[in-house]
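Trainee: Before I ask anything, here is the structure I am working with.
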Amino acid sequence: VADKQYRSECGDCHFAYQPGLLPEQSWRKLLNADALKDHFGDNAELDKDALQAVLDYAVENSADKSWYKRSRKIAAATAEGEAPLRITGVRYIKRKHQDIPEKMVKGNKDVKSLSYCDKCHTQAAKGVFDADTVLIPNYPGWDD
């Protein structure tokens, strides 16, 4: 995430997800004034200018506009018109995590949910989600 305002507005509350993890339609649904009033149970309202800047950055770098390998795969796996509201709801991401036992995520006090990408993906902040950078807390060597 190269944009300071996006990183600050989103990253102050949760991991600042790379925009390439969702298609444009998803960002447009998530980043509007009404949706931010109840952003997964929290009020994440932004002033008009900040909201426009964050939306512009997310859309310009969304999965369907990015040239990053993973973003292209996410875009290809997303059906036309589909707009998942959670990154964990993206088909590609669900498929990549399907072999991880629930006890290692939801049952893991140091992870709790797949939405905490940076808990296991040690290079997530750099946009690197390759398998060789994964370390599941409390389960060293789980995939050996």
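The values are calculated or read from the model by the stated rules, or taken from the named source; none is laboratory data. Computed from a prediction, not measured in an experiment: that's the story for all the values here. Using ideal geometry, Cβ is built from the backbone for each residue, glycine included, and neighbour counts are taken over all protein chains shown. With ligands, DNA and RNA removed, areas are computed over all heavy atoms of the protein, side chains included. Shrake-Rupley method; radii C 1.70, N 1.55, O 1.52, S 1.80 Å.
Trainee: Counting only residues that are of a type in the set (A, V, I, L, M, F, W, C), at pLDDT 90 or above and out of contact with any strand residue (DSSP E or B) (no Cβ under 8 Å at 6 or more places or on another chain), which one in segment 132-144 is most open to solvent (accessible area, probe 1.4 Å)?
Mentor: Per the stated criteria, the residue is Leu135.
Trainee: Ok, one more. Return the only residue of Gly41, Gly11, Gly20 being under 30 Å from Ala131 (Cβ atoms), without any contact (Cβ under 8 Å) to a residue 12 or more places away in the chain and open to solvent by less than 70 Å² (accessible area, probe 1.4 Å).
Mentor: Gly11
Trainee: Further, regarding this structure: Could you check segment 61-70 and list, in sequence order, the residues that are of a type outside the set (Phe, Trp, Tyr) and either within 8 Å of Glu24 (Cα to Cα) or in a loop (DSSP other than H, G, I, E, B) (or both)?
Mentor: Asn61, Ser62, Ala63, Asp64, Lys65, Ser66, listed by residue number.
Trainee: If we keep just the residues of segment 71-95 that are open to solvent by 50 Å² or more (accessible area, probe 1.4 Å) and farther than 15 Å from Lys29 by Cβ, which is modelled with the lowest pLDDT?
Mentor: Glu80
Trainee: Next question, about the same structure. Is one or more of the residues making up segment 96-108 open to solvent by less than 80 Å² (accessible area, probe 1.4 Å), within 27 Å of Glu24 (Cα to Cα), in a loop (DSSP other than H, G, I, E, B) and not polar (S, T, N, Q)?
Mentor: Scanning segment 96-108, I find no residue that is open to solvent by less than 80 Å² (accessible area, probe 1.4 Å), within 27 Å of Glu24 (Cα to Cα), in a loop (DSSP other than H, G, I, E, B) and not polar (S, T, N, Q), so the answer is no.
Trainee: Another question, then. Any residue that is out of contact with any Leu (no Cβ under 6 Å at 6 or more places or on another chain), free of Cβ contacts under 8 Å to residues at least 60 places away in the same chain, open to solvent by 70 Å² or more (accessible area, probe 1.4 Å) and acidic (Asp, Glu) - is there at least one of those in segment 118-126?
Mentor: The answer is no; no qualifying residue exists.
Trainee: Asn61 is checked against (1) under 13 Å from the mean Cα position of the chain (by Cα); (2) farther than 19 Å from Ser8 by Cβ; (3) open to solvent by 40 Å² or more (accessible area, probe 1.4 Å); (4) not aromatic (Phe, Trp, Tyr) and fails just one. What number does that condition carry?
Mentor: It fails just one condition, (2).
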